[in-house]
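This report refers to the structure that appears directly beneath it.
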Amino acid sequence: MLKGQRKANGGFELSEAPSHLIRRCQQYFGDLYAREAGSRELTKQQFTLLCALEQNEGASQTTLVEITGIDRSTLAEMVRRMLQRGLISRERTEEDQRANAIAISTAGRKALRAARNAADRAERALLDALPAQERLKFVKSLSQIASAAEAYAANGAFKAQRSARRGKRA
């Protein structure tokens, strides 16, 4: 906990809590993206999924959950809707007939290009709140936190890292 998060009466100061501030930034980006994309474009999560598929063609739904952080049930519903819109294709994998390989379609690539422009504008607007010289450091700091989250999700390495910093063994 950072100094100043607790009030003298023991209350919690949301305006100084990193977890709350990250959530508020995410909400702000969502508003910026919605403004830039308009109602005819992809949602933020659809954009995220198509970006992941662009780099991981034929990934399973399980792999896409891991890459995107979108929960399993939400991703399954998104895949169903995006299949209906012709943005992706799905077929059973040869290795495991229970698993689905998801691929981005030509229409999905076209939608992704259009949405990428909206996302780029929203990202610039988000970072405009910071002085230019602080933007790269901010993004690097977010990347460090995201990497810690990935390590934690993969094998609990976050706990081991904290113990190591304190001079303890995990």
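The values are calculated or read from the model by the stated rules, or taken from the named source; none is laboratory data. On a predicted model such as this, the values are computed, not experimentally measured, just so you know. Here the Cβ is made from the backbone with ideal geometry for all residues, glycine too, and neighbour counts use every protein chain on show. Just so you know, the surface numbers come from the protein's heavy atoms only, side chains and all, with ligands and any DNA or RNA stripped out. Shrake-Rupley method; radii C 1.70, N 1.55, O 1.52, S 1.80 Å.
Would you mind working out the magnitude of the charge dipole of the range 62-155 relative to its Cα centre, with +1 at each Lys and Arg C-beta and -1 at each Asp and Glu C-beta, to the nearest 20 Debye?
Values: 16 positive and 12 negative charges, 99 e Å.
Here the size comes out at about 480 debye.
Mind ranking 120-131, 12-23 by how tightly packed they are, going by the mean number of other C-beta atoms within 10 angstrom, highest first? Show your work: numbers first, answer last.
Numbers: 120-131: 14.0, 12-23: 12.0.
For the peptides 120-131, 12-23, the packing ranking is 120-131, 12-23.
Which one of ALA154, SER89, GLY108 has its Cα pushed farthest toward the positive end of the charge dipole of the chain, where Lys and Arg give +1 and Asp and Glu give -1 at the Cβ?
ALA154
With the cut-off at 1.5 for a/c, could you classify the range 17-170 from its C-alpha gyration tensor as rounded, prolate or oblate? Kindly include the intermediate steps, with their values, before the conclusion.
Details: a/c = 2.55, a/b = 1.19, b/c = 2.14.
Oblate is the answer for the range 17-170, as a/c is 1.5 or above yet b/c matches or exceeds a/b.
Modelled label-to-label distance, GLN84 and ASP71, 7 Å Cα→beta-carbon offset: nm?
Taking the two extended label points, one gets 2.1 nm.
For the chain, give the percent of accessible area contributed by carbon and sulfur heavy atoms, probe 1.4 Å, rounded to a whole number.
Numbers: 5960 of 11850 Å².
Carbon and sulfur together cover 50 percent of it.
Run lengths n ≥ 4 of DSSP H only: what is the helix-derived mean residue ellipticity at 222 nm for the chain, with -39500 (n - 2.57) per run over all residues, to the nearest 500?
Numbers: 7 runs with 108 residues, N = 170.
Taking each H run of at least 4 residues, the total per residue is -21000 deg cm²/dmol.
Treating the beta-carbon of each Lys and Arg as +1 and of each Asp and Glu as -1, no other charges, what is the dipole magnitude of the chain about its Cα centre, to the nearest 20 debye?
Dipole about the Cα centre, nearest 20: 660 debye.
Can you tell me how the range 14-57 classifies by the Cα gyration tensor, rounded, prolate or oblate, using a/c under 1.5 as the rounded cut? Walk me through the intermediate numbers first.
Values: a/c = 4.95, a/b = 1.64, b/c = 3.02.
It is oblate, given that a/c is not under 1.5 and a/b is not larger than b/c.
Write out the GluC sites (Glu not before Pro) in the range 66-111 meeting two conditions: DSSP loop, and at most 16 other Cβ atoms within 10 Å of their Cβ.
Details: sites: GLU66, GLU77, GLU91, GLU94, GLU95; in loops: GLU94, GLU95.
When the GluC sites (Glu not before Pro) of the range 66-111 are filtered for loop state and at most 16 Cβ neighbours within 10 Å, GLU94, GLU95 remain.
Using mean Cβ contacts within 10 Å as the protection proxy, how do 27-38, 46-57, 134-145 order, highest first?
Values: 27-38: 15.3, 46-57: 18.5, 134-145: 11.6.
Descending packing order for the listed peptides: 46-57, 27-38, 134-145.
For the range 107-159, rounded, prolate or oblate, judged on the Cα gyration tensor with a ≥ b ≥ c (square roots of eigenvalues), a/c < 1.5 rounded, else prolate if a/b > b/c? Intermediate results must be reported in sequence, preceding the final value.
Working: a/c = 4.83, a/b = 1.31, b/c = 3.67.
In terms of gyration-tensor shape, oblate.
Given +1 on the Cβ of Lys and Arg, -1 on the Cβ of Asp and Glu, and no further charges, what dipole in debye does the range 66-119 carry about its Cα centre, rounded to the nearest 20? Write out the running numbers ahead of the final one.
Numbers: 11 positive and 7 negative charges, 89 e Å.
That gives a dipole near 420 debye.
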